[in-house]
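So the structure is just underneath, and the comments pick up after that.
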Amino acid sequence: MSRWLLWIMGGVLLGGIVHFVTVLALPRTATQDAFARLAAIAPANTVAVLSQPTPQAAVLPFMDPAFAAAVCRFDLSSGPLKLSIAVSQAYTAVSFYTLRGVAFYAINDRAAGRRIIELDLMTSEQRAALPEDEEVTAADRLIVESPTETGLILFRALAPEPSMMPAAQGTVTAGRCTTQPQQQS
């Protein structure tokens with residue numbers, strides 16, 4: 001009796017370990033992740049508006065139909081990016097993700113405190129290469145350091161009522177994500 005109990009506990013333990021390793025490994029082995037799916041519709045360092053999600057199809061998982069969304073696949077190998085988007089009437093948010101889908105920065109219109117969200121996205125090396133300018137303060141220029149050279153920037157604007165969706169779509173359509181020339185110190 002105890003021998004069978006030992007075998008059952010060993011099988012459950014081994015099954016748990018296999019399950020845990022599989023759950024952790026699957027996201028790294030997936031070939032159709034968000035970055036790969038968006039490569040067909042969003043060229044690097046440009047903003048592409050995403051279609052509204054339907055119950056049958058959505059470009060990204062868990063998209064909210066009350067939000068207009070756009071994406072910028074960024075590649076910082078050719079230089080830092082300058083990002084700007086005007087805020088909508090209801091709510092505007094910008095989120096930054098690594099190639100593996102890990103969020104590393106987010107800002108919304110309330111936190112920005114302005115009518116336009118503007119920031120520079122760069123790697124740590126590009127930030128270190130910036131010239132020291134005493135006239136430019138942190139309040140004048142928001143700089144976000146990316147942990148990777150490639151990733152995704154997601155723009156979202158809320159349409160609290162269906163009649164406000166065209167205005168929200170106009171907000172994300174007007175978003176900009178452009179490469180800046182590398183400055184020499």
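The values are calculated or read from the model by the stated rules, or taken from the named source; none is laboratory data. The structure displayed is predicted, hence computed values, not measured ones. Using ideal geometry, Cβ is built from the backbone for each residue, glycine included, and neighbour counts are taken over all protein chains shown.
Considering region 127-159, and only residues there that are of a type in the set (Val, Ile, Thr) and farther than 23 Å from Leu38 by Cβ, the residue that is modelled with the highest pLDDT turns out to be Ile143.
Does Leu130 count as assigned by TED's automatic domain parsing to the domain that holds Thr46, touching a Phe, Trp or Tyr at 6+ places or on another chain (Cβ under 6 Å) and farther than 30 Å from Pro160 by Cα? In short, no.
Going through (1) at pLDDT below 85; (2) under 21 Å from Val172 (Cα atoms); (3) under 17 Å from the mean Cα position of the chain (by Cα) one by one, Asn45 falls short only on (1). For region 152-183, filtering for residues that are closer than 28 Å to Leu76 by Cα and outside any helix (DSSP H, G or I) leaves 16.
Would you confirm, using the coordinates I've provided, whether Arg115 is surrounded by fewer than 19 Cβ atoms within 10 Å (Cβ to Cβ), over 12 Å from Leu154 (Cβ atoms), basic (Lys, Arg) and touching a strand residue (DSSP E or B) at 6+ places or on another chain (Cβ under 6 Å)?
The answer is no for Arg115.
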